[in-house]
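A short write-up of the structure that comes next.
The values are calculated or read from the model by the stated rules, or taken from the named source; none is laboratory data. Quantities reported herein were computed from a predicted structural model and do not represent experimental measurements. In this analysis, Cβ positions are derived from the backbone assuming ideal geometry, glycine residues included, and neighbour counts consider all displayed protein chains.
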Amino acid sequence: MSAAECPICGAELTLGDDLVAGELLECADCGTELEVESTEPVVVSEAPTEQEDWGE
Amino acid sequence: MIVIKIGGGAEIDHEAILRDLKRQLDGGERAVVIHGANHEMKIISEQLGKPPRMITSVSGYESRYTDAETIEIFNMVYAGKVNTMLVALAHRLGINAVGLSGVDGGLLRGPRKKALKVVENGKRMIIRDDHSGRIEDVNVDLLRTLLDAGYTPLISPPALSDEGEPINVDGDRAAACIAAALGADRLIILSNVPGLLRDKDDESTLIDRVDRRRMDEFETFAEGRMKKKTMGAAEAIDQGVGEVIFADARIDDPIEHALRHEGTVIS
């Protein structure tokens, strides 16, 4: 199981073995939504907060 | 002024709709038409070896994943094949139609969605290569110029992004934007169901009237593509459209039936 730190509050994030790039997570400590930028190595950043929208 | 959205599902009777439109126009009505092409898009995509991949947003709205290859097919199907065929059919029936995509004349403009949050295989994911967006501006001058010159605009997605690219936009919400921008009295959304149904598998459970102030209670009955139709309806009403009518596109005189409130009326 991988581990990384929340870039906002520094809390340790426990990550599953099936982690994929592009996955969205929530920091259990501060509640910030995070984006997994890569898995080797594990890099997470704060996810963008954009209004939801879609096409046809 | 009425704005009519023709759904892109199977079983839509385009000839009946346009025949009815001709009667309305001959009676002095002015109209703008927007159409979808979802069913045709699915067929053509599969024939080209690029079957549709549907994605579901984090709040449950389904749409087509529109990568770079898909937007090319989208342009060909919506603005090319289907729009051209509908405009030709309109002319055969005596309607002086002009076919436009949202790109033409910058008719429908807005930002491309740079990051889309979806749920896939139980995981929340972010997608960054989707060519979808939302409409923030309607070129009303272009529509009024055409209408005043005696043309009936027949409009299709895509829209034009702020960066000058074609983008996939939801047709029902595009219809709402156009209706609001024109100050239309009515927006009629024709699809392959009679309207909003309590039970989507039972057409006898039609909900015939929805008060916009109580929309939240009825949105729970909207599933699949109907979710976006109800969102489009709410947006239209909030932006000043008098009423929105969901009605059946599979019957004769569908516009007349809709104007008589035979469907789901939202106001």
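Counting only residues that are of a type outside the set (Val, Ile, Thr), within 12 Å of chain A (Cβ to nearest Cβ) and in contact with a helix residue (DSSP H, G or I) (Cβ under 7 Å, 6 or more places away or on another chain), how many does region B:20-44 have? Number of matching residues: 5. For B:Phe246, indicate whether it is in a loop (DSSP other than H, G, I, E, B) and aromatic (Phe, Trp, Tyr). Answer is no for this residue.
Restricting the search to strands (runs of 3 or more DSSP E) fully inside region B:28-111 and requiring at least 1 residues that are surrounded by fewer than 21 Cβ atoms within 10 Å (Cβ to Cβ) and without any contact (Cβ under 8 Å) to a residue 12 or more places away in the chain gives B:54-57.
Please find, within region B:115-128, the residue that is nearest to the other protein chains (Cβ to nearest Cβ) out of those that are part of a loop (DSSP other than H, G, I, E, B) and closer than 15 Å to A:Glu37 by Cβ. Checked region B:115-128; the qualifying residue nearest to the other protein chains (Cβ to nearest Cβ) is B:Ala115. State whether one or more residues within region B:167-183 are surrounded by 19 or more Cβ atoms within 10 Å (Cβ to Cβ), closer than 22 Å to B:Ala31 by Cβ, free of Cβ contacts under 8 Å to residues at least 12 places away in the same chain and not aromatic (Phe, Trp, Tyr). No, region B:167-183 contains no residue that is surrounded by 19 or more Cβ atoms within 10 Å (Cβ to Cβ), closer than 22 Å to B:Ala31 by Cβ, free of Cβ contacts under 8 Å to residues at least 12 places away in the same chain and not aromatic (Phe, Trp, Tyr). Against the test of being at pLDDT 95 or above and within 21 Å of B:Lys227 (Cβ to Cβ), the options B:Ile167, B:Ile155 yield a single qualifying residue, B:Ile167. The single residue among A:Ala11, A:Ala21, A:Ala4 that is surrounded by 12 or more Cβ atoms within 10 Å (Cβ to Cβ), more than 26 Å from B:Asp130 (Cβ to Cβ) and either under 11 Å from the mean Cα position of the chain (by Cα) or within 14 Å of chain B (Cβ to nearest Cβ) (or both) turns out to be A:Ala4. Just one of the numbered conditions (1) away from every other protein chain (no Cβ under 13 Å); (2) surrounded by 20 or more Cβ atoms within 10 Å (Cβ to Cβ); (3) charged (D, E, K, R) is not true of B:Asp162: (2). Taken together, the criteria exclude A:Leu13 from residues that are within 30 Å of B:Thr66 (Cα to Cα) and either of a type in the set (A, V, I, L, M) or modelled with pLDDT of 95 or more (or both). Could you tell me how many of the residues in region B:172-217 are over 14 Å from the mean Cα position of the chain (by Cα), more than 16 Å from B:Ser267 (Cα to Cα) and assigned to a helix (DSSP H, G or I)? The number of residues fulfilling the criteria is 5.
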